[in-house]
Amino acid sequence: MSQHCNGALPPQIIDRIFSGAVTRSPSGKRIRQALETIGYTDFVAFLLAEEDKRHPTSVEYWFRCLDLDGDGVLSMYEMEYFYNGIKNKMDQHNIDSMRFDDVVCNLLDLIRPKQPNVISLSDLKKCLLCTRFFNTFVNWVKYYEQEASEGERATVTDGEEELNDWDRYCLEEYEALMADDQDNDELEDINLNLDDDDDLLIGNNINTVVNLSLREFGDSQRTKILEAI
């Protein structure tokens with residue numbers, strides 16, 4: 001998990017995902033015991049929540065992740081705790097970051113919570129830009145990209161239909177995979193030492209393998225997996 005998107009997740013988020021507080025058992029109850037590993041289904045659930053943060057169940061997934069004490073609201077302490085993980089990641093890459101006080105002021109203006117200085121699940125579900133909120137605490141690469149750009153990412157369409165975040169992600173991964181296949185065809189006469197490169201190839205392409213199995217998922221299948229989180 002630490003290698004996801006080239007280390008985009010801070011350790012605080014990874015610890016929470018493996019804490020058992022985020023995923024649910026088949027009975028629908030939260031798993032309270034810490035996990036040493038997560039299975040394919042849990043990883044797919046994470047990937048769906050990570051790439052489509054606007055989906056209502058994704059909002060619930062990340063809210064459970066950020067709600068350290070399980071009291072149903074995100075406090076200043078919790079937000080600062082997770083933002084420090086993002087800030088440390090940016091510091092490691094020599095990227096300037098904003099002070100937490102400035103960040104949280106922007107977020108409160110964005111979310112407009114019902115109660116001052118705390119954010120509830122219903123506040124986030126009502127916000128059309130909740131993806132920006134979660135990126136601030138979950139994924140330093142996406143946070144940096146959204147702060148570096150002047151506005152939202154350009155709309156991607158399939159014909160005349162606007163793609164949602166998950167479909168856009170699948171499209172980008174599919175195009176990357178096709179480019180890789182083309183490069184491999186051009187290099188097919190070159191002998192590769194597979195024994196030395198197997199671990200690297202597996203590490204770099206684990207998301208691609210998952211995406212291939214999910215490429216044809218429609219809204220109903222995606223919702224079923226998210227509801228199992």
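The values are calculated or read from the model by the stated rules, or taken from the named source; none is laboratory data. Since the model is a prediction, treat every value here as computed from it, not as a measurement. When we count neighbours, we look across all protein chains shown, and the Cβ atoms used for this are built from the backbone with ideal geometry, even at glycine.
A few points about this structure:
- Output for segment 62-117, where each listed residue is of a type in the set (Ser, Thr, Tyr) and modelled with pLDDT of 95 or more: 75, 77, 81, 83
- Evaluation of residue 15 against (1) surrounded by fewer than 17 Cβ atoms within 10 Å (Cβ to Cβ); (2) more than 21 Å from residue 87 (Cβ to Cβ); (3) at pLDDT 90 or above (one fails), failing number: (2)
- Restricting the search to helices (runs of 4 or more DSSP H) fully inside segment 44-145 and requiring at least 2 residues that are touching a residue at least 12 places away in the same chain (Cβ under 8 Å), touching a Pro at 6+ places or on another chain (Cβ under 8 Å) and surrounded by 20 or more Cβ atoms within 10 Å (Cβ to Cβ) gives 76-92.
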